[in-house]
Structures are given as structure tokens and as C-alpha cells.
Amino acid sequence: MWKFLKFLLIFTLFIAAASESAANSWWESASFYQIYPRSFKDSDGDGVGDLNGITEQLSYLKEISITATWLSPIFTSPMADFGYDVANFTEIDPIFGTLEDFEQLLAKAKELGVKIILDFVPNHSSDECEWFIKSAKSDPEYKDFYIWHPGKISENGTRLPPTNWISVFRGSMWTWNDERQAYYLHQFHVKQPDLNYNNPKVREAMKDVLRYWVRKGVAGFRVDAVPHIYEVAADAEGNWPDEPSNPSVADPADYGYLQHIYTTNQPETLDVVYEFRQVLKELDEELGGDEHILMTEAYSPLDVLMQYYGNGSTDGAQIPFNFVLLSNVNKNSNAYDYEQQIHDWLDNMPAGSVANWVLGNHDQSRIGIRLGVDRMDLINVLLKTLPGVSVSYQGEEIGMTDVSISWEETVDPQACQSSIEEFESLSRDPVRTPFQWNDGHKAGFTDSNTTWLPLAEDYKLVNVKRQRGIANSHLNVYKQLQNLRATKTMSDGEAEVKAISENVIGIKRFLSGERTYVALLNLNDDLESINLNDAFGDLTVELEYILVTDKSVRRKGDKIYADSIVMLPKEAVVLGTIV
Ligand code: GLC
Ligand code: MG
């Protein structure tokens, strides 16, 4: 009898362990959506989007089956970099609303089953942050919260910055502070002094920020500008080395003028990411419920990004943003280029990690501009049929494009610090314009007669309301893709991704006992005849069209032989096996 009970116990434990490892965490096949709060929806008529605006429109996120939304910064800020210059990490800026507004947003989100992710900016604060003000006064508690240096005295006696380092937003990375009689380091804007991560108090203060918002009910964080968190360690005299220059860039104020070997991707950066994750894990233990996540922003080499996931014994970010489809392909890329980029990520991930695909954000040109206006649906099909997590930027689901903005109307500091000749290649304003809800006053974004950035001229054609009513609009293609993602095959299945010809990418998704799906994307304007049996095994003789776009003549539900499929110019389809 005892023997049998023991067997039963071990057997039950075995089953429990097996099902635990099989159960996916909520984020593993989730659809994320980035909201840029200034431009999503304005509720109080000041021409700037706000938290109540987001709350009002949360049902829209539900309509397009979004699992979680990450919000660009909503914290107190002088807005030198539109919120990425944080003056108080645990307060809401009045332009966006109040803490109560945020709590209401969380409550509504919970009711609808949409998770809220905040933007966490660890690298720097605003120069108007109390910490910096106190640091400049050499307050004993805060004096080492930032990176200060008296500079170098040149041969003719003038004082010079400690190094030749250049800020991401042009010019020296060092600015003189009269009060402290020292230079402070800022990797970005002069109003964004870098925090000193060699100071354990800084690390703890920033971890407290994570704890504060998790306890309020957020599901996790997008972590800003991670590669910039550390600079190389100073030598015994407290000095740093200059960075070597980059022969291809002539302008000595341009960030690209130097190779950033001492100011980005320092090995200590990874430890900070692991420590932040550890904080979340402790909170997971304490609070129970759904796992909290980190999504890190780093435009770093692949081998570095793979370490963001963790180092085997220590966990890192669940979602180190994967920008391969954002940075490494362009309008001229062929199917082999895409295949290679996709495989670079899939084949290099540490065992047990989950892939993610980011196709846009508030810093980069929109899909239509980067990859072609007639490829918008095709790119969304790619994003949504690849395995793992998908991340869309607001407006990409309706095919918003970059809005051309004059020098006079430009507000992005990255552009304003350049010149009338150069600002267009640097400005991020064109992708931050008001969201296009309908064809009414200011596209339904605001009641105001002015908006903080100009509205796109095409809003009467490109808006949510109109696209709801058009069968194969970008919006409806996106919604159908979201429905498809809800199937077991797409959420749990395996993936085979390959170039079928120079123009056609194929993605097969399959799971034992479930229907198989194949997404086909014709990147260019040639007619392509495809024998899918040659490309992928285990298909049924006939396949069914599950999804088509406005480039197709076929309709949903049509059947086709797997060995003779014709793809029209820029067509993207999803086919399913017949079951
Ligand atoms: C990140 C943000 C960008 C910001 C910068 C400095 O790259 O995405 O918008 O300007 O960090 O915080
Ligand atoms: Mg407002």
C-alpha cells in the first residue's frame, strides 16, 4: 500500500513538473503595441495626448487583440526629449494627467484584459530632477549620483572636457556646470545627465522605481537606451580614454564621428539588466500572479543581444528587442536577405528563450517608408506569423506613414540640434504625429484647433473608422492576423522560415494534431509560380486561403493545389492545410 502511494506521489509530481514546463507564460506569443502617449488621444483639448485619452481608447486595443501595450514615458518631465528626460520617476507629468488617472487606466485595462507596460529610463534623468540639483550642490547623499569630472587643463591653460566623447544628439558628451565647477556626462541631450551606475545607491534608487510601479499594477517595463548605461572604468587618476574616430564621417560634432567602444555595450551593462530582472523575480515571488517582464531597447551586435536573455545561470530580459527587421532590411532586400536576418535571431537564441520581432517605434521611420507603402500588409503578415512575440508601433495597423514636417515646425531635439540642411534625416517627429481615428476634426485626435505636431494630410483616407468598413483594409488584415495568432498552431507551434525564391518568403507553422499554416510573401512585382511541396513537406494536396490582402485576386476560403500556387505582385497570403 505504502509503495503504491509513493508511486502515486512521484507520478503526480512528475505530471506537475511536466505541465509546468509546458505551460507558456502570458507574454510568450503575445502581441505588444507601443503607444506614444503625446500622440494617441487627447482628452482635455490641449492638443497633446494624455492618459485619459488612452483609457478612452483602450477598447480599441481590445478590438485589435493586443495583449499588452508599452507606453513611452508619462513621468514628470521638462520635455526636452519629450519625456525621456525624467524629473521624477514615480510621478505623472500633468500634461498626461494624474496618478489617479493612471490608476484608472490600470483598472480599465485590467477589466479589459490588456496589460500595461511602462517605459523605464535607467541611463539618465532630467537635469531638473531633484537628484541632479542636489548632486550639483555636492549634497553628500547625491554627489556621486551622476558622472562629474573637473576636465583637463590644456597647455595654454584653458579647461577642456575630460574626453573627446560625442553625445547621441551632437556635440560634446560633457557640459560644464558652474555650481559644481565640473563637467557632467550626458550621452544624450544636455538636459539628460547620465546616472552613475558605479554608485550602489543609484542602482538601488532605480530598482525602487521598478518596485513602485509593479506594486501599482504594471506588467513590466520597456527599458530605454540600455547600451549607454555604462562607460569604460576610469583609470587610477580618474581619467577616461578618448574614443577612436570613424574615417567615414567628416563632421566632428556628429555622433557617428567616433567609434563608441568606451561608451556603449560595456560588459557591466549586462549585470544591470540581470539585476533588474532579479528585482522583478522577487516581486513575482512576493505578489504571485502573472510574471513581470523586461523588454530592453538596445541596437547592439547580435552576440551582445543574446546575452541580454541571460547567461545560463542568471536570467535576463525575457524580450531583448529584436530590431533585425527594423535595422537590417530595406526596400531592396530580397527573400534571402530576410531569411538570413530571421535565422540569425532564431538560430542564435539561447535554449529555452522566446523570439520577438519589432517592426516600428517612435524613433524609426514607419514600415511604409522604410520597406515600401505597397508592402505594409505583407510586413504585418511577416510580423504576425513569425514565432514568438510581435511588437507593433501605433498606427502601423492602419498603414500610417511618415508625415513631412518643416524645419519651423520641428521639435525633436535630435533634429533641432542639427541644421536646416540635415534635420530631415535626423528628425523623429514624422513618426510621432497624431493618431488617425476618423475623418472628422483633427482626425478625432483632439477637440483643439492645434496639435503638438501637425496631423497627416491623408487622414481622411487613412483612419480607423474608415478602415473598419473596408474588407481588406490594413486594419482588417491586421485583425485577421490577430485571430490567426490565437490558434494553437500559431501560439505553440514550430516554425520553418525560408526563401522560396529571390522574391518569395515562406513561413510554415505547424503543431502535431493541429492545422498547418503557410504564409507566403511576394516582395516584388514578378509573378511567382510556386510548388510548395518542394519548399515544405507534410502539406495536404489542396490548401485553403485563410488570409488575403488587397493585392490578391483569390478570396478567403478559395482552394488551391499546393504544387501550383501563383503569387501576384507584392501579394501576401496565409494558406491552411485542409482538415
Ligand atoms: C531611446 C528612446 C529615444 C530617446 C533616447 C534617450 O533611444 O527610444 O526616444 O531619445 O532613448 O532617452
Ligand atoms: Mg491633453
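The values are calculated or read from the model by the stated rules, or taken from the named source; none is laboratory data. Everything numeric here is computed off the predicted structure, so don't read it as measured data. Don't worry about glycine lacking a Cβ; one is built from the backbone with ideal geometry, like all the others, and counts go over all protein chains shown. Ligands, DNA and RNA are excluded from the accessible area calculation, which covers all protein heavy atoms including side chains. Shrake-Rupley method; radii C 1.70, N 1.55, O 1.52, S 1.80 Å.
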Exercise. Pairs LYS460/LYS551; LYS465/LYS570; LYS488/LYS551; LYS108/LYS201; LYS201/LYS281: which are spaced more than 31 Å apart, C-alpha to C-alpha?
Worked result: LYS108/LYS201
For this session: Among the aspartates and glutamates, select those whose C-alpha is under 19 Å from the C-alpha of LYS137, and discard any that sit fewer than 8 residues away in the same chain.
Result: ASP127, GLU128, ASP178, GLU179, ASP194
For this session: Mind putting a number on the dipole of segment 368-480 about its Cα centre? Charges go on the C-beta only, +1 for Lys and Arg and -1 for Asp and Glu, and I need it in Debye to the nearest 20.
Result: 740 debye
Problem set entry | Cα gyration tensor of segment 430-474 - equivalent ellipsoid semi-axes, whole Å, descending | 20, 11, 7
Seminar exercise, completed: Dividing the surface of the Cα convex hull of segment 99-193 by four yields a projected area in nm² of 8.5 nm²
Exercise. Dipole magnitude of the chain about its Cα centre, charges +1 at Lys/Arg Cβ and -1 at Asp/Glu Cβ only, in debye to the nearest 20?
Worked result: 1780 debye
Exercise. Counting other Cβ atoms within 10 Å of each Cβ, which GluC sites (Glu not before Pro) in segment 175-263 have at most 12 and sit in a DSSP loop?
Worked result: GLU179, GLU237
Exercise. Dipole of the chain (Lys/Arg Cβ +1, Asp/Glu Cβ -1, origin at the Cα centre): which of LEU532, ASN449, ASN522 lies farthest to the positive side?
Worked result: LEU532
Exercise. Which of the peptides 185-198, 105-118 is most tightly packed, and how do the rest follow, going by the mean number of other Cβ atoms within 10 Å of each residue?
Worked result: 185-198, 105-118
Seminar exercise, completed: If amide H atoms are modeled at 1.01 Å from N in the peptide plane, then the residues at a separation of 5 or more from TYR146, or on another chain, having amide H under 5 Å from its own are ASN196
For this session: Beyond 32 Å between alpha-carbons counts as too far, so tell me which of LYS331/LYS479; LYS207/LYS479; LYS152/LYS191 fall in that bin.
Result: LYS207/LYS479
Problem set entry | Helix 474-485 vs. the chain, principal-axis angle (Cα, 0 to 90°, nearest 10) | 70 degrees
Exercise. Could you work out Rg/(2.2 N^0.38 Å) for segment 491-577, with Rg from alpha carbons only?
Worked result: 0.99
For this session: Calculate one ³J(HN,Hα) per residue across segment 559-565 by plugging θ = phi - 60° into the Karplus curve 6.51 cos²θ - 1.76 cosθ + 1.60, and present them in order as whole Hz with x for glycine and proline.
Result: 10, 8, 6, 4, 8, 9, 9
For this session: For the chain, find the longest principal axis of its Cα atoms and tell me its angle to the long axis of helix 268-287, 0 to 90°, nearest 10.
Result: 70 degrees
For this session: May I ask which residue of ASN472, VAL223, GLN340 lies farthest towards the positive end of the charge dipole of the chain, with charges of +1 (Lys, Arg) and -1 (Asp, Glu) on Cβ and the Cα centre as origin?
Result: ASN472
For this session: Mind putting a number on the dipole of segment 491-577 about its Cα centre? Charges go on the C-beta only, +1 for Lys and Arg and -1 for Asp and Glu, and I need it in Debye to the nearest 20.
Result: 280 debye
Seminar exercise, completed: Scoring segment 491-577 by relative contact order with C-alpha pairs under 8 Å, at least six apart, yields a percentage of 31 percent
Exercise. What residues have an amide H closer than 5 Å to that of SER172, excluding those fewer than 5 places away on the same chain, when H is modeled at 1.01 Å from N in the peptide plane?
Worked result: SER167
Exercise. How many angstrom lie between the C-alpha centres of segment 392-446 and segment 331-390?
Worked result: 23 Å
Seminar exercise, completed: When the charge dipole of the chain is computed with +1 on Lys and Arg Cβ and -1 on Asp and Glu Cβ about the Cα centre, the Cα farthest towards its positive end, among PRO37, PRO387, LEU195, belongs to PRO387
Exercise. Tell me, Kirkwood radius of the chain from alpha-carbon pair distances, in Å?
Worked result: 25.6 Å
For this session: Would you grab the residues whose amide H sits under 5 Å from the one on LYS551? Only those 5+ places off in sequence or on another chain, please, with H modelled 1.01 Å from N.
Result: ALA572
Exercise. Sorted by accessible area with a 1.4 angstrom probe, largest first, how do GLU494, GLU291 fall?
Worked result: GLU494, GLU291
Problem set entry | Per-peptide average of other Cβ atoms within 10 Å, ordering 324-335, 60-71, 451-462 highest first | 60-71, 451-462, 324-335
For this session: Specify the angular offset, from 0 to 90 degrees and rounded to the nearest 10, of the alpha carbon long axis of helix 2-22 from the longest principal axis of the alpha carbons in the chain.
Result: 70 degrees
Problem set entry | Heavy-atom accessible surface of the chain: percent carbon and sulfur, 1.4 Å | 50 percent
Exercise. ³J(HN,Hα) across segment 389-401 via Karplus (A = 6.51, B = -1.76, C = 1.60, θ = phi - 60°), whole Hz, x for Gly/Pro?
Worked result: 8, 10, 10, 10, 9, 3, x, 5, 6, 10, x, 5, 10
Exercise. If you take the C-alpha gyration tensor of segment 149-264, multiply each eigenvalue by 5 and take the square root, what semi-axes do you get, largest first, in whole Å?
Worked result: 30, 18, 13
Exercise. Rank SER353, SER512 by accessible area, highest first, at a 1.4 Å probe radius?
Worked result: SER512, SER353
For this session: Please work out the C-alpha center-to-center distance from segment 211-257 to segment 18-79 and express it in whole Å.
Result: 27 Å
Exercise. Using the per-residue mean of other Cβ atoms lying within 10 Å as a proxy for protection, in what order, highest first, do the peptides 249-261, 150-162 fall?
Worked result: 249-261, 150-162
